[in-house]
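Peer 1: Can you keep this structure in mind? I'll have questions shortly.
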Amino acid sequence: HFFMIVDGYRLYISKSYERLENRVENWPAEGFALIGDGSARAVAGIASATQVRVWTTERAYTVVGVGNSDDTFLPVALDGSRGCVGQFAVAEGDDTLFFVSQDGIYADKGGRQIKLTSVIDPFFQGMNVSGQLGWNTLQAPMALTRLAFLHESTGSALVMSYADSASLTLNRFLVLKPAGGAATLPTECFFGTSDLTTFQSFYLDSVNRALLAGGANGHVYR
């Protein structure tokens, strides 16, 4: 199945067949489920091999099958969960979902959300941390935040691009790596910046052990 968020409150689900056809274009006009009560817009979603998750700005929903039908799904709110800041602020890797909320970066494993950035909580409140400007807490720049999961045998990393408190440009990034290369917490934090362009995507050159960034100007930077 394919899932599509429409207008911020409808989750459309593709059908495996329609009119004796078998195409991804099969999106029945009434083939959707409502996300939440309409008080908060759904901004992001991700489908892994084992789960489908949708985030509004306030909380997370797991999408579950209903009954014996292969075409009926329902978003169910996760109790006590956090929301996501924007459509690019989610990533998946190592059987874990990751997302950026208003107060930090979280790992979501089986519906259990764990904050990874408690050690730099003031940063996500817009305050300076270790000489680094806090991120911009205004809604518009927060919604542009991007998150990428980069797998490496010696220890995978999360990279978040963001605008700092003195800017509206996504030219700064925060890298999270498990301390000592372990696969679990605690986490080490590294900051970086670029004066050349805004970041659109991140990649890992595992051969040369370099972080690569795709810029808004069409170039790739090491």
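The values are calculated or read from the model by the stated rules, or taken from the named source; none is laboratory data. Since the model is a prediction, treat every value here as computed from it, not as a measurement. Cβ sites come from the backbone with ideal geometry, for glycine too, and all protein chains shown count toward neighbours. Note: areas computed on protein heavy atoms with side chains; ligands, DNA, RNA excluded. Shrake-Rupley method; radii C 1.70, N 1.55, O 1.52, S 1.80 Å.
Peer 1: For the range 52-86: of the residues being more than 17 Å from Arg41 (Cα to Cα) and either open to solvent by less than 30 Å² (accessible area, probe 1.4 Å) or of a type in the set (Asp, Glu) (or both), which is nearest to the chain's Cα centre (by Cα)?
Peer 2: Here the residue is Val52.
Peer 1: When the range 155-208 is examined, which residues are found to be open to solvent by less than 40 Å² (accessible area, probe 1.4 Å), in a strand (DSSP E or B), closer than 17 Å to Gly86 by Cβ and modelled with pLDDT under 90?
Peer 2: Phe199, Ser201, Phe202
Peer 1: Next question. Have a look at Arg112, Arg146 and point out the one that is exposed (fewer than 12 other Cβ atoms within 10 Å of the Cβ) and under 29 Å from Tyr61 (Cα atoms).
Peer 2: Arg112
Peer 1: Oh, and also: Out of the residues in the range 38-66 meeting the condition of being more than 16 Å from Phe98 (Cβ to Cβ) and basic (Lys, Arg), tell me which one is modelled with the highest pLDDT.
Peer 2: Arg59
Peer 1: Same structure again: Gly104: surrounded by fewer than 20 Cβ atoms within 10 Å (Cβ to Cβ) and in contact (Cβ under 8 Å) with a residue 40 or more places away in the chain, yes or no?
Peer 2: Criteria not met by Gly104.
Peer 1: Another question, if that's okay. Name the one entry in Gln102, Gln113 that is under 17 Å from Leu170 (Cα atoms), at pLDDT 90 or above and of a type in the set (S, T, N, Q).
Peer 2: Being under 17 Å from Leu170 (Cα atoms), at pLDDT 90 or above and of a type in the set (S, T, N, Q) holds for just one of Gln102, Gln113, which is Gln102.
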